[in-house]
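Scroll down for the structure; my scribbles are underneath it.
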Amino acid sequence: MTPTPWSRRINIGEMLLALGTVVFGVLIIWQTTLIRLTPAYSMVGPRVIPYIVGAGLVIVGAWLAYEALTGRAPVGSTDSEDADPTLPTDWRTVGLLVLALIAYLFLIEPAGFIIASATLFVGAAFAMGSRRTARDIAIGIVMATVLYIGFNRGLGLSLPAGILEGIV
Amino acid sequence: MEALGDLARGFEVALTPENLLWALIGVLLGTAVGVLPGIGPALTVALLLPVTYRLEPVSAFIMFAGIYYGGMYGGSTTSILLNTPGESASIVTALEGNLMAKKGRGAAALATAAIGSFVAGTVATIGLTFLAPVMVQIGLKFGPAEYFALVVLAFTTITALLGSSVARGMLSLFFGLALGLIGIDTLSGQSRFTLGIPQLLDGIDVVTVAVGLFAVGETFWVASRMRHDPDQIIPVKGTIWMTRQEWARSWKPWLRGTALGFPIGSLPAGGAEIPTFLSYAMEKRLSKHPEEFGHGAIEGVAGPEAANNASAAGVLAPLLTLGLPTSATAAILLAAFQRYGLNPGPTLFRQDPDLVWGLIASLYIGNVMLLVLNLPLAGVWVRLLAIPRPLLYAAILVFAGLGTYGLSGSTVDLVVLYLLGALGFVMRRFDIPVAPAVVGVILGPVAEDHFRRALQIAQGNYTTFITRPISAAILVLAAIALVAPPAFRWWQAKRQRPQSTSPTSARIT
């Protein structure tokens, strides 16, 4: 792993990160003022720690802004085994992945766990570049069925059967 | 020696056929996820939390502990053969281990790592056996103020150690703390930050946060910039038996690594990364062959590997005796205890000795299993890496959905999971570590509870945290932990200008 390069230029992304952090902190403080206080409960109420957390975020945001403005912010992304941080974002793959996840969200209750999971598996594999779709469908169905039976029978979960009710 | 009697009882629990089976499942899963990219022990335990519905607590924790230990063994295999540390604690192993593999001594590197891990894991578990009762005695004397100070110490060390800058670690931590506030306040009964969504009254589940940030976030991140030139796996050549000379050069580093790893790991501020770096530096200095460092020195594998396994056992000491997790995996283990309605700490040793000592006994057994599984079979484990990446990450998403929806049966939780996954993506884009956020979610409510109880005892006097000497001392340590690393880096940069070769950013999956 190489040391993170230190940039001299002010980075727009860094400034947005700092700004977002401050805004998030302010939102927390604002929401904290809306927490009801029960008069019977006097000593340390439910607002104290939220105020501290909100203030902490504002301070961290200011700190990030200071680092960005003085060029001290480490510019870079997380290194990972399968991700190359130097590449630009491939929005097409991410978009397809999001579609697969949305399909899962809308399928899980009406169509059931097995169909939703198999769809997600095939869709996500396709999004990330797998083109042997017939094989993926087979693996997806087997895996989803094994998980369904294992977790429902073995561990007492109640994953939805959906339209396969009565069959599995 | 009361501890030995307790331990004997623990073995009675751990040696039942059923619990041996759970231990075996745990170490198998742990080694597999240690080898595989994109998924690690913390995430695996999080995904398996639904088992807490059915399984006896002691069986579940024996399996979880196997996953935790197994992840450490598996991580070293990929570090050596692939130069991609699966765990942040294996970064140092990759330095010399991969060079050894390139020189055709991969088998020896794997052997010294596995045997060293076994020696260190066993010695450190013995340490845990005798240290735990002592820490329980200390823990019994602590009040809420001291416990609050300990949690603050855990926060600052985890924040300062992970990631590329303290500010980023703090951002991650405070984000986690904010997430942890969502839901009904247990002390006053008021709802906080629920935004009028009834499903949020129970708070956001730890599993959703951990799985979203770790698994979904990592999948988005990989999908967005997939590596197309994967590292080459170096085939294992030669015999797994080390030569006489390799034994002679390994045994002292194993013991020294253990001596560094266990105490540091068992500190309430430990973690597994620091002892591996220290061990590497120590071996480099003490070696009779310092010129081999940077070209595949066996001491540079033996010492850090022992240190990382010893600290893994050490981390369990504050977790079990004080309820204080100092790593992401330990934090998820704490969440598992909470799911059973159990509170790790001094009282758990009295209330449920079979659970605690059964777990500790299982660590001895798990280490033996792991040695047998890893020494001859390292080459087999590496074949897991042949799984095509699209299928691996697609399966991770399926498990993420199962873990989240399976626990709650609510699609709202799936939406939260995806949103957290998107946040995990953004955090990776800005090199913000995700582990402090997960620790913040789990420990935040614990910290608030201690904080408010301490103030109740002190009649609302906020100085209680600094007028009680132990609490004050711990808080001073927490401040040092936050200030020391940047100060050290600044001092180092001043001393020797451009050359900073220490890997500073670590990642935990």
Anything in the range B:139-151 that is surrounded by fewer than 22 Cβ atoms within 10 Å (Cβ to Cβ) and either charged (D, E, K, R) or under 14 Å from B:THR326 (Cα atoms) (or both)? List them, or say none. B:LYS141
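Determine which member of the set A:GLY76, A:GLY54, A:GLY71 is assigned to a loop (DSSP other than H, G, I, E, B) and buried (at least 19 other Cβ atoms within 10 Å of the Cβ). Break it down stepwise before answering.
Details: A:GLY54 fails: assigned to a loop (DSSP other than H, G, I, E, B); A:GLY71 fails: buried (at least 19 other Cβ atoms within 10 Å of the Cβ).
After applying the criteria, what remains is A:GLY76.
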Please go through the range A:11-28 and give me each residue that is modelled with pLDDT under 90 and surrounded by fewer than 14 Cβ atoms within 10 Å (Cβ to Cβ), ordered by number. A:ILE12, A:GLY13
Any idea which residue in the range B:183-199 is surrounded by the most Cβ atoms within 10 Å (Cβ to Cβ), counting only those that are free of Cβ contacts under 8 Å to residues at least 24 places away in the same chain and more than 10 Å from chain A (Cβ to nearest Cβ)? B:GLY183
May I ask you to list the residues in the range B:390-427 that are without any contact (Cβ under 8 Å) to a residue 12 or more places away in the chain and surrounded by fewer than 20 Cβ atoms within 10 Å (Cβ to Cβ)? B:GLY409, B:THR411, B:VAL415, B:VAL426
Restricting attention to the range B:454-477, report how many residues are surrounded by 14 or more Cβ atoms within 10 Å (Cβ to Cβ) and aromatic (Phe, Trp, Tyr). 1
Does A:PRO46 fit the bill of being over 25 Å from the mean Cα position of the chain (by Cα), surrounded by 20 or more Cβ atoms within 10 Å (Cβ to Cβ) and of a type outside the set (Ser, Thr, Tyr)? yes
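Quick one: which of A:GLY95, A:GLY71 is touching a residue at least 60 places away in the same chain (Cβ under 8 Å) and over 30 Å from B:ILE80 (Cα atoms)? So that I can check it myself, show each step before the final result.
Details: A:GLY95 fails: touching a residue at least 60 places away in the same chain (Cβ under 8 Å).
Going through A:GLY95, A:GLY71 in turn, just one is touching a residue at least 60 places away in the same chain (Cβ under 8 Å) and over 30 Å from B:ILE80 (Cα atoms): A:GLY71.
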Using beta carbons and a limit of 6 Å, which pairs, at least six apart or on different chains, have the first residue in the range A:146-168 and touching a residue at least 12 places away in the same chain (Cβ under 8 Å) and at the interface with another protein chain (Cβ under 10 Å from one of its Cβ atoms) and the second one buried (at least 17 other Cβ atoms within 10 Å of the Cβ) and outside any helix (DSSP H, G or I)? A:TYR148/A:LEU159; A:PRO160/A:GLY112
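From the list B:VAL58, B:VAL45, B:VAL92, which residue is part of a helix (DSSP H, G or I) and within 19 Å of B:VAL206 (Cα to Cα)?
Numbers: B:VAL58 fails: within 19 Å of B:VAL206 (Cα to Cα); B:VAL92 fails: within 19 Å of B:VAL206 (Cα to Cα).
Checking each option against the conditions leaves just B:VAL45.
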Yes or no: the range A:111-129 includes at least one residue that is surrounded by 15 or more Cβ atoms within 10 Å (Cβ to Cβ), at positive phi and more than 8 Å from chain B (Cβ to nearest Cβ). yes
Among the numbered criteria (1) over 18 Å from the mean Cα position of the chain (by Cα); (2) modelled with pLDDT of 90 or more; (3) of a type in the set (A, V, I, L, M, F, W, C); (4) more than 30 Å from B:LEU443 (Cα to Cα), which one does B:ALA145 miss? (4)
Within the range A:81-109, tally of residues that are at the interface with chain B (Cβ under 8 Å from one of its Cβ atoms) and either touching a helix residue (DSSP H, G or I) at 6+ places or on another chain (Cβ under 6 Å) or under 24 Å from B:PHE174 (Cα atoms) (or both): 12
Only one of A:LEU120, A:LEU159 is aliphatic (A, V, I, L, M) and either touching a His at 6+ places or on another chain (Cβ under 7 Å) or modelled with pLDDT under 95 (or both). Can you tell me which? A:LEU159
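Sort out for me the helices (runs of 4 or more DSSP H) sitting completely within the range B:342-433 that have 1 or more residues that are out of contact with any strand residue (DSSP E or B) (no Cβ under 8 Å at 6 or more places or on another chain), at pLDDT 90 or above and within 14 Å of chain A (Cβ to nearest Cβ). Outline the logic, then answer.
Details: elements: B:346-351, B:353-374, B:378-382, B:389-408, B:411-429.
Helices (runs of 4 or more DSSP H) meeting the threshold: B:389-408, B:411-429.
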Sole exception among (1) modelled with pLDDT of 90 or more; (2) out of contact with any Phe, Trp or Tyr (no Cβ under 6 Å at 6 or more places or on another chain); (3) surrounded by 22 or more Cβ atoms within 10 Å (Cβ to Cβ) for B:PRO37, by number: (1)
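Only one of B:PRO318, B:PRO325 is outside any helix (DSSP H, G or I) and either of a type in the set (Asp, Glu) or buried (at least 23 other Cβ atoms within 10 Å of the Cβ) (or both). Can you tell me which?
Details: B:PRO318 fails: outside any helix (DSSP H, G or I).
Of B:PRO318, B:PRO325, the one residue that is outside any helix (DSSP H, G or I) and either of a type in the set (Asp, Glu) or buried (at least 23 other Cβ atoms within 10 Å of the Cβ) (or both) is B:PRO325.
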Considering only the range A:44-80, how many residues are aliphatic (A, V, I, L, M) and at the interface with chain B (Cβ under 8 Å from one of its Cβ atoms)? 8
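Considering each of B:PHE488, B:PHE430 in turn, give the residue that is over 15 Å from B:VAL151 (Cβ atoms) and without any contact (Cβ under 8 Å) to a residue 60 or more places away in the chain.
Working: B:PHE430 fails: without any contact (Cβ under 8 Å) to a residue 60 or more places away in the chain.
Going through B:PHE488, B:PHE430 in turn, just one is over 15 Å from B:VAL151 (Cβ atoms) and without any contact (Cβ under 8 Å) to a residue 60 or more places away in the chain: B:PHE488.
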Can you run down the residue pairs with Cβ atoms below 8 Å, 6 or more apart or on separate chains, where the first is in the range B:36-60 and away from every other protein chain (no Cβ under 14 Å) and the partner is among the small types (Gly, Ala, Ser) and in a loop (DSSP other than H, G, I, E, B)? B:ALA42/B:SER327
Only one of (1) in contact (Cβ under 8 Å) with a residue 12 or more places away in the chain; (2) in the same structural domain as A:ILE12 (by TED's automatic domain parsing); (3) not in a helix (DSSP H, G or I) is not met by A:ALA111, so which one is it? (2)
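Quick check on the range B:20-30. Is at least one of its residues among the small types (Gly, Ala, Ser), in contact with a Ser or Thr (Cβ under 8 Å, 6 or more places away or on another chain), assigned to a helix (DSSP H, G or I) and crowded, with 20+ Cβ neighbours inside 10 Å? Spell out the reasoning first.
Quick first cut of the range B:20-30, residues among the small types (Gly, Ala, Ser) only: B:23, B:26, B:30.
From what is left, the residues that are in contact with a Ser or Thr (Cβ under 8 Å, 6 or more places away or on another chain) are B:23, B:30.
From what is left, the residues that are assigned to a helix (DSSP H, G or I) are B:23, B:30.
With crowded, with 20+ Cβ neighbours inside 10 Å added as a condition, the list becomes B:23, B:30.
The answer is yes, given that some residue of the range B:20-30 is among the small types (Gly, Ala, Ser), in contact with a Ser or Thr (Cβ under 8 Å, 6 or more places away or on another chain), assigned to a helix (DSSP H, G or I) and crowded, with 20+ Cβ neighbours inside 10 Å.
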Hey, B:ARG452 among the basic types (Lys, Arg) and either at pLDDT below 90 or not in a helix (DSSP H, G or I) (or both) or not: no
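The values are calculated or read from the model by the stated rules, or taken from the named source; none is laboratory data. The shown structure was predicted, so the numbers you read here are calculated from the model rather than taken from an experiment. Cβ atoms come from the backbone with ideal geometry, glycine included; neighbour counts cover every protein chain shown.
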